[in-house]
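One structure is given below, encoded as structure tokens.
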Ligand code: YSA
């Protein structure tokens with residue numbers, strides 16, 4: 001048999017092999033040491049002329065390498081096993097997808113409700129200057145009210161400004177008014193930090209949503225209207241809440257708002273009030289032309305009430321048995 005015919009027949013045999021035994025049989029048939037057809041050709045070379053040896057020898061050796069490679073490939077394919085077929089009639093498997101954290105869901109809902117009430121949503125820095133977190137909010141260094149916010153101070157090696165992790169979202173009131181003219185209505189959702197002992201309703205890291213509405217004739221009655229609209233949309237029309245007089249240096253008058261829990265207990269969820277004249281002074285607004293209300297609510301607390309969660313620390317536990325329930 002000449003080399004071309006041998007090649008065609010060998011390739012056909014190898015490709016048609018249905019299992020390893022048949023591949024091995026093809027190997028023996030063509031490359032076997034005793035009876036192999038190609039081996040016979042190679043063995044016959046010794047009786048040929050130097051010219052024949054060169055041409056036929058090279059071609060025969062190349063063919064041997066080619067067949068060996070083909071055989072290895074075929075054996076490897078059998079070793080991988082048969083291809084699994086996709087059965088379209090089988091029921092699908094549910095993919096374990098991730099989902100939003102309960103606090104993220106609450107954050108999204110709050111943004112949606114206030115957006116629908118025509119509020120803009122803005123955000124501010126978590127690492128804040130003392131001036132924005134305190135001084136411009138009518139809480140100078142000597143003010144005893146600073147004790148209301150146990151603070152994580154941050155070493156500043158870049159400038160002389162005293163820096164801290166913001167203890168509330170209120171600094172954005174100042175930043176926003178410095179950069180914008182009234183009238184406007186905004187909310188500022190964001191992360192806040194306090195250097196305090198944790199318990200079931202206090203974390204050192206939690207979330208607040210600040211609100212600020214400023215215009216020529218904004219009143220506390222407008223605040224009550226907005227908050228009632230928000231609560232009813234967020235909790236449903238059955239929600240019970242109350243306003244209590246309170247004190248914050250950056251408002252006058254100041255109030256706090258509580259929500260009634262199922263057991264009858266009240267939980268404080270926000271501080272609020274009418275923007276203090278000294279805050280308007282700090283941002284160079286003329287208090288004779290504008291007035292406004294502001295509020296700062298605890299997002300975690302709202303989430304606790306909505307979902308009936310007894311301990312705020314569960315949100316930050318990273319326990320999947322907890323987060324998977326939402
Ligand atoms: C008051 C008047 C304004 O015109 C504007 C904003 C405010 C709120 C003020 N900046 C403030 O931070 N008040 S607060 O210390 O009472 O906190 C507001 C809300 O954040 C609380 O009602 C509570 O719901 C939540 N909160 C406070 N400390 C918390 C906390 N939530 C979880 N863990 C803590 N450690």
Between segment 1-80 and segment 97-153, the Cα center-to-center distance that results, in Å: 78 Å
Neighbour-count order for 316, 30, fewest beta carbons within 10 angstrom listed first: 316, 30
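What per residue convex hull volume, in Å³, do the alpha-carbon atoms of segment 20-120 yield?
So the per-residue Cα hull volume is 260 Å³.
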Give me 9, 115 ranked fewest to most by other Cβ atoms within 10 Å of their Cβ, as a rough exposure proxy. 115, 9
Rounded to the nearest 0.05, what FRET efficiency is calculated for residue 265 and residue 100 with R0 set to 22 Å and r the Cβ-Cβ distance? 0.15
Asserting the computed 222 nm helical MRE of the chain (DSSP H runs at least 4 long, -39500 (n - 2.57) per run, divided by residue count, to nearest 500) equals -12000 deg cm²/dmol
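What is the fewest-to-most order of 53, 74, 90 by other Cβ atoms lying within 10 Å of their Cβ? Can you show the working numbers first?
Numbers: 53 13, 74 19, 90 7.
With the fewest neighbours first, 53, 74, 90 line up as 90, 53, 74.
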Measuring from the lowest to the highest alpha carbon on each principal axis, how far does segment 137-230 reach, largest first, in angstroms? 42, 37, 24
Contact order normalised by residue count of the chain, Cα under 8 Å, 6+ apart, percent: 14 percent
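Hey, what did segment 1-142 get for relative contact order, percent, Cα under 8 Å, at least 6 apart?
On the way: 59 pairs, mean separation 23.2, N = 142.
Contact order relative to length: 16 percent.
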Using Cα atoms only, what is the angle between the long axis of helix 20-31 and the major principal axis of the chain, expressed in degrees (0 to 90) to the nearest 10? 40 degrees
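So what is the orientation-averaged projected area of segment 250-318, using the convex hull of its C-alpha atoms, in nm²? Can you show the working numbers first?
Details: hull surface 25.3 nm².
Its Cα hull, projected and averaged over all orientations, spans 6.3 nm².
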Throw me the Rg/Rh for segment 198-284, computed over C-alpha atoms with Kirkwood Rh, two decimals. 1.00
For the ranges 92-104, 127-139, what's the packing order if you count other beta-carbon atoms within 10 Å of each residue, average per peptide, and put the highest first? 127-139, 92-104
Computed P(r) (all Cα pairs; the chain; 10 Å bins; percent): 5, 19, 21, 11, 4, 4, 6, 8, 10, 8, 3, 0
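Kirkwood Rh over alpha-carbon pairs of segment 63-129, then Stokes-Einstein at 20 °C and 1.002 mPa s: what D in µm² s⁻¹, rounded to an integer?
Values: Rh = 19.3 Å.
Using the Kirkwood radius from Cα pairs, D works out to 111 µm²/s.
Read the figures in this text as sums done on the coordinates, not as results from a lab. What you are looking at is a predicted structure, and each value in this text was computed from that prediction instead of being measured. Cβ sites come from the backbone with ideal geometry, for glycine too, and all protein chains shown count toward neighbours.
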